[in-house]
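**Student:** This is the structure I want to talk about, given as structure tokens.
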Amino acid sequence: MAVLGTDPNIAAPDDFYAALIALHRDLDDAQSALVNAKLILLLANHIGDADVLAAALAAAREDIVAPR
Amino acid sequence: MKTYTNPVYAYERSADQDAPPRRRPVVVVGAGPVGLAAAIDLAQRDIPVVVLDDDTTVSVGSRAICYAKRTLEILDRLGCGERVVQKGVEWKVGRVFVRDELAYRFDLLPEAGHRRPAFVNLQQYYLEEYLVERIADLPSATVRWQHKVVAVTPQDDGVVLRIETPDGDYWLTCDWLIVADGAKSTVRALLGLESEGQVFRDRFLIADIHMLSDFPAERWFWFDPPFHPNQSALLHRQADDVWRIDFQLGWDADPDEERKPERILPRLRAMLGPKAEFDIEWASVYTFQCRRLAKFRHGHVLFAGDAAHLVSPFGARGANSGIQDVDNLVWKLALVLDGAAPARLLDTYDAERIPATDENLLHSTRSTDFISPKSAISRTFRDAVLSLAKRHAFARRLVNSGRLSLPHHYADSPLLTPDADGTTFASALGAGAPAADAPVKGPGSDWFIDYLTSGFTLVAFGPSVPPAAAIALAQDTVPCRVVQVGAATGSDGIVLEDAAGLLRERYDGAPGTCYLFRPDQHVCARWRSFDSRAVRAAIARATAND
């Protein structure tokens, strides 16, 4: 079973982070949300493995409690 | 309507209204496709059945229009399949457009060698008319129009009904009541049963139009088309040059306003262009729900079709699943009525059809969540998928405009005998699977599935089943007919020739292989060699006699 990698894996993390923020420059909230959703779908398809995706979904939701 | 006039079936007084009524083995409530299919199946087994309906005609408007391959095969068994196919419009290709671009195309039956196509589109009123005419040929079945059930009293061994007619009320008692009176089931309400599930906050306009057009017979679905921005639309061809168009309207649409021709015409004009010539046949505005009863068997009351469960229309899972319900129910009920199986066999109607319903509900709910997103983020992801679908193949697989009805594989049913340990088959047709068709040469039809008739059937490949064993199986309390595939001799059973080699291929039919089929044409068990005791044990398990 494949495992979700959470050890550092991005060679230039600051560059990636800056690119991620730059991706949203000049967009309104709805456009940003759309770009994020497309990005998630593209990356999810690249990963493909159902166990890794399930682990990523769970990790993303960790510590976030829905408001009543 | 220009192309169709609803027949009027006159009210008739029945003898039950004058004398003390006879107790009936089976009463069916509702003369829709599901109730009529149940009645035909029972009557073909010589079980007397009375169908009660509060109306005097078939469906008003086209309503359910897509009949799936499995349903057509069931209708063949009920003697109506050919008429439906002849009158209807065959199709198997669907296209999904995003705005004005084709996002993807699918083919629902890519392989040859099946008698029936993936789908036939036909207005529900034609199907009902054919079923009513079929019933007229069957002495064991009668339909009583304008006989409305107004009270239901379940008892330990049957059900007492109070029935309202233009001549006044009468009472009727039956051993078993099949409830197929639709989404707004009167009987369900009378029994105080509630179904659980969700209502979707969206409205759709259906318009049937008569139009001469050379559009292909395919299912076309649009997300956000130029002629109907921000919503979806669906186009289907039906018989008589009638076209079904569904427009998504949104929850805020006013259903009474949207039904008016002056509202509908501009929508159609925008879609079909200024030159198209068409007439509106019928229009309706609907909402939909995905829900089911917690169980379908309540003692001697058995729910089927929309009375038992409701799905959204995307996927054609309403009428198809209802007809598959009664396909599952009737052979079991017939065995119970004949004393050949205990009443607990009917508990397996729930055990088999509830997972089938849940599969339909799952697909239907997912399609609906895609077409009518319930939250802003759901809408965002939906739009992201559509946006990616233009360039990226992976996203096309995520576009969900309705995953179309396929028969359920009863994988976890207690009635099935799984493959023996260590036996392997290069065929997915294990216990619970619906039969796969193939061309054959035989004493009757040229199609394999037609040899799987109303009882249990053992299909044996290669070396023949000993004639004495075949005769003995045919004489059991629950009889089993042997059908031999290949140039076998010495069997009294029917011999089929595997005309295109597809039967052996689809069933991995190496010499000696035997498949046992249930009366509903689902695989019951399979073996690599014939053994009478194994066949009898599988039939005993399949009839709750073990």
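**Student:** Among the listed residues B:SER321, B:SER378, which satisfies the condition of being within 14 Å of another protein chain (Cβ to nearest Cβ), at pLDDT 95 or above and either touching an Asp or Glu at 6+ places or on another chain (Cβ under 7 Å) or closer than 30 Å to B:ASP41 by Cα (or both)?
**Tutor:** B:SER378
**Student:** Then there is this: Out of B:ALA340, B:ALA334, I need the residue that is of a type in the set (A, V, I, L, M, F, W, C) and in contact with an Asp or Glu (Cβ under 9 Å, 6 or more places away or on another chain). Which one?
**Tutor:** After applying the criteria, what remains is B:ALA334.
**Student:** Right, something else. With respect to the numbered conditions (1) within 19 Å of B:GLY318 (Cβ to Cβ); (2) in contact with a strand residue (DSSP E or B) (Cβ under 8 Å, 6 or more places away or on another chain); (3) crowded, with 18+ Cβ neighbours inside 10 Å; (4) not small (Gly, Ala, Ser), which one is the sole condition not fulfilled by B:ASN400?
**Tutor:** Every condition holds for B:ASN400 apart from (2).
**Student:** In this structure, does A:LEU53 turn out to be within 18 Å of B:LEU388 (Cβ to Cβ), more than 10 Å from chain B (Cβ to nearest Cβ) and either out of contact with any helix residue (DSSP H, G or I) (no Cβ under 6 Å at 6 or more places or on another chain) or part of a helix (DSSP H, G or I) (or both)?
**Tutor:** yes
**Student:** Residue under question is B:VAL399, and the condition is that it be in contact (Cβ under 8 Å) with a residue 60 or more places away in the chain and within 14 Å of chain A (Cβ to nearest Cβ); does it hold?
**Tutor:** yes
**Student:** Taking only the range B:142-160 into account, find how many residues are under 21 Å from B:LYS295 (Cβ atoms) and either within 26 Å of the chain's Cα centre (by Cα) or of a type outside the set (Ser, Thr, Tyr) (or both).
**Tutor:** Residues that pass the stated criteria total 8.
**Student:** I'd like to know if the range B:8-19 contains one or more residues that are out of contact with any Phe, Trp or Tyr (no Cβ under 9 Å at 6 or more places or on another chain), basic (Lys, Arg) and outside any loop (DSSP other than H, G, I, E, B).
**Tutor:** no
**Student:** I've got another one for you. Would you confirm whether any residue within the range A:35-45 is surrounded by fewer than 11 Cβ atoms within 10 Å (Cβ to Cβ), part of a helix (DSSP H, G or I) and either more than 13 Å from the chain's Cα centre (by Cα) or at pLDDT 95 or above (or both)?
**Tutor:** no
**Student:** Would you check if B:THR417 is surrounded by fewer than 21 Cβ atoms within 10 Å (Cβ to Cβ) and in a loop (DSSP other than H, G, I, E, B)?
**Tutor:** no
**Student:** On to the next question. From (1) out of contact with any Ser or Thr (no Cβ under 8 Å at 6 or more places or on another chain); (2) within 29 Å of B:GLN44 (Cα to Cα), pick out the condition that doesn't hold for B:ARG481.
**Tutor:** Result: B:ARG481 fails condition (1) only.
**Student:** Could you tell me how many of the residues in the range B:381-394 are among the hydrophobic types (A, V, I, L, M, F, W, C) and facing another protein chain (nearest Cβ under 8 Å)?
**Tutor:** Count: 5.
**Student:** With the structure loaded, tell me whether B:GLU111 is of a type outside the set (S, T, N, Q) and over 17 Å from the mean Cα position of the chain (by Cα) or whether it fails that test.
**Tutor:** It is true that B:GLU111 is of a type outside the set (S, T, N, Q) and over 17 Å from the mean Cα position of the chain (by Cα).
**Student:** Checking A:ALA22 against (1) within 20 Å of B:ALA384 (Cα to Cα); (2) within 14 Å of chain B (Cβ to nearest Cβ); (3) not aromatic (Phe, Trp, Tyr), which test does it fail?
**Tutor:** (2)
**Student:** Another one. Given the conditions (1) over 28 Å from the mean Cα position of the chain (by Cα); (2) in a loop (DSSP other than H, G, I, E, B); (3) within 20 Å of B:LEU502 (Cα to Cα), report the number of the one that B:ALA460 does not fulfil.
**Tutor:** (2)
**Student:** Which condition from (1) part of a loop (DSSP other than H, G, I, E, B); (2) crowded, with 18+ Cβ neighbours inside 10 Å; (3) free of Cβ contacts under 8 Å to residues at least 12 places away in the same chain; (4) acidic (Asp, Glu) is the one that B:ASP383 breaks?
**Tutor:** Unmet condition: (1).
The values are calculated or read from the model by the stated rules, or taken from the named source; none is laboratory data. Note that this is a predicted model, so its numbers are computed, not measured. Note: ideal-geometry Cβ built from the backbone for every residue, glycine included; neighbour counts use all protein chains shown.
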